[in-house]
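The values are calculated or read from the model by the stated rules, or taken from the named source; none is laboratory data. In this text, all values refer to a predicted model and were calculated from it rather than measured experimentally. Counting neighbours? That spans all protein chains shown, and the Cβs are built from the backbone with ideal geometry, glycine included. With ligands, DNA and RNA removed, areas are computed over all heavy atoms of the protein, side chains included. Shrake-Rupley method; radii C 1.70, N 1.55, O 1.52, S 1.80 Å.
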Number of protein chains: 2
Amino acid sequence: MLSKNEIKYIQSLCHKKQRDETERFIAEGPKVAEELLQSTFEVVHVYATKAYIDKHEHFHFPVTEISEAELERISGLQTPNQVLVVAKQKQVQQSPVFKGQLSLVLDGIQDPGNMGTILRTADWFGINQIICTHDCVELYNPKVVQSTMGSITRVNVWYEDVAGVISNAAVPVYGALLNGQNVFEVGKIEEGILVIGNESKGIRDVIRQSITYPVTIPRIGGAESLNAAVASGIIMGAMRNAG
Amino acid sequence: MLSKNEIKYIQSLCHKKQRDETERFIAEGPKVAEELLQSTFEVVHVYATKAYIDKHEHFHFPVTEISEAELERISGLQTPNQVLVVAKQKQVQQSPVFKGQLSLVLDGIQDPGNMGTILRTADWFGINQIICTHDCVELYNPKVVQSTMGSITRVNVWYEDVAGVISNAAVPVYGALLNGQNVFEVGKIEEGILVIGNESKGIRDVIRQSITYPVTIPRIGGAESLNAAVASGIIMGAMRNAG
């Protein structure tokens, strides 16, 4: 049974201001909850239906059993799904290390679904460093968290002065641009930074200047552009898997 | 100035039942509107703000100038954007032709954003035939239309008994499955069908049986799966652009 105050508190975490102040965030559904519970994130509280609790006997975290109706009230999902977790936000302590691995830079990604999906895809391809410009959508936005499908637990994300970071990185910088090299002909990339630009404006000038290897997904048909998450996925796939 | 009845009518088109009955659909924003206005779709009515109308002098379609407040009322977008078009749905007259080209089959794609994004990506890679199972999300769902970003005007979409269609197609059938060949090693595909499965359940048995070439996107990191639109994009990219 949830108190009015608890309901209010959980609901308030869908607002960035409240998330910033409390350094908390919410994650929902068995898949994402499971990943968080098994990660190094500090889980503050688990709110779950009886069905979920019965299937998961040994919780190391405070748990409150709630009804479907209560879950409906605190959930941000269209279809609430068994469990909602409140967890503590994590600041990555170390600085990114660019030598010897492929990292991602996101320049002004606005759509939470794109952001989360890019994290998920990066995780699939074994990329676990993402540096974001300060105007990218916030990592702990509930829609970002949900669309990572748990990859938020494995990928380190920084919000930084990207132009400065890149210029000190001392590795090749690839960027998704028009008129670059066909990304399917670039070959396998073991080390470097891949820059992905904003959904409509692309990569801003100050960052574009640092790109040493522009890469392009050749267009065959009529669409004017690709979705940013799809484009990132295609480029990551080509760079990781080219023969 | 819009009448109450007009407002009601336009709003009703966000419901599938009403779309089916009237054979109409709505599309919003300058980019998608522009593509529709220049396509073979029959545009029934354009509702646009003064700013939009001033920039587009010669309309061949009925136009009503509306205020921002009116647009807000009829729009399904979070941020209404200058113009809303009501158009007539189109049934593709001819049957799909499988010889000599790459076509897509979608098996139970549920998310409208995924569906629209897959259309957009297919269009980018010059794939203009998509055959959907009957339980795929409806093409004229407003979220599908919006996320095609206009590609709905260039890609033909059928809803069919997919298993039957495939078994008569007489071309190679590729499918996104686990334990298939690395899609980056399959080589360029000029002819065939690529099957993409449901977001969580994958490809159903009766369709899976017809797949002659299972293909897989190799996983390097920790994510359990890829977003369906991203996975489709990576496979289409690899099949179109492999050396």
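Once ligands and nucleic acids are excluded and a 1.4 Å probe is used, how much of B:Ser3 is accessible, expressed in Å² to the nearest 10?
Per-residue accessible area (B:Ser3): approximately 50 Å².
In chain B, which longest range has no trypsin sites (Lys or Arg not before Pro) that are both DSSP loop (not H, G, I, E or B) and surrounded by at most 12 other Cβ atoms within 10 Å?
Within chain B, the longest run free of exposed trypsin sites (Lys or Arg not before Pro) spans B:1-98.
Ignore the peptide's own chain and count Cβ atoms of other chains within 10 Å of each Cβ in B:120-130; give me the average, rounded.
Per residue, the number of nearby Cβ atoms from other chains is 5 on average.
Determine the relative contact order of the range B:149-243: mean sequence separation of Cα pairs under 8 Å and six or more apart, normalised by residue count, in whole percent.
37 percent.
Run through the other copies and list how far each one's label point is from that of B:Pro30, in nm with one decimal, shortest first; the point sits 7 Å from Cα along Cα-Cβ.
Output for B:Pro30: 4.7 nm, nearest copy listed first.
Using the alpha-carbon centroid of each, what span in Å lies between the range A:175-241 and the range B:111-147?
Going from one Cα centre to the other spans 23 Å.
How many percent of DSSP beta bridges within chain A run antiparallel, rounded to 5?
30
Past 23 Å, Cα to Cα, is the threshold; run B:Lys50/B:Lys90; B:Lys16/B:Lys55; A:Lys88/A:Lys201; B:Lys17/B:Lys88; A:Lys90/A:Lys143; B:Lys17/B:Lys201 against it and keep the listed order.
Where the Cα-Cα span goes over 23 Å, the pairs concerned are B:Lys50/B:Lys90; B:Lys16/B:Lys55; A:Lys88/A:Lys201; B:Lys17/B:Lys201.
With the contact rule set at Cα under 8 Å and sequence spacing of 6 or more, what percent relative contact order holds for chain B?
19
A:Gln181's amide H: which non-local residues (gap 5+, or another chain) put their own amide H closer than 5 Å, with H modeled 1.01 Å from N in plane and none for Pro or chain starts?
Correct list: A:Val215, A:Thr216.
Shortest first and in nm with one decimal, please list how far the B:Gln91 label point sits from its counterparts in the other copies (point 7 Å along Cα→Cβ).
Those separations, rounded to one decimal, come out as 6.3 nm.
Compute the long axis of helix A:228-241 from its Cα atoms, compare it with the longest principal axis of the Cα atoms of chain A, and write down the angle in degrees, 0 to 90, nearest 10.
Result, in degrees: 70.
How far is B:Glu191 from the same spot in each other copy, in nm, shortest first, if each label point sits 7 Å from Cα toward Cβ?
4.6
Take every DSSP beta bridge whose two residues both sit in the protein assembly as shown, then give the antiparallel share in percent to the nearest 5.
Counting DSSP beta bridges with both partners in the protein assembly as shown, the antiparallel share is about 30 percent.
Answer rounded, prolate or oblate for the range A:1-83, using the Cα gyration tensor with square roots of eigenvalues a ≥ b ≥ c: rounded when a/c is under 1.5, else prolate when a/b is larger than b/c, else oblate.
Judged from the Cα gyration tensor, the range A:1-83 comes out oblate (a/c at least 1.5, b/c at or above a/b).
Just checking chain B: which Cys have no other cysteine's beta-carbon under 4.7 Å?
So, B:Cys14.
What angle do you read, to the nearest 10 degrees and between 0 and 90, between the alpha-carbon axis of helix A:112-124 and the longest principal axis of chain A?
70
Under 1.5 on a/c is rounded, so check that first for the protein assembly as shown, then, if it is not, pick prolate when a/b is larger than b/c and oblate when it is not; a ≥ b ≥ c are the square roots of the alpha carbon gyration tensor eigenvalues.
Rounded, because the longest to shortest axis ratio a/c is under 1.5.
Per-residue accessible area for A:Asp135 at 1.4 Å probe radius, Å² rounded to 10?
For A:Asp135, the solvent-accessible surface is approximately 70 Å².
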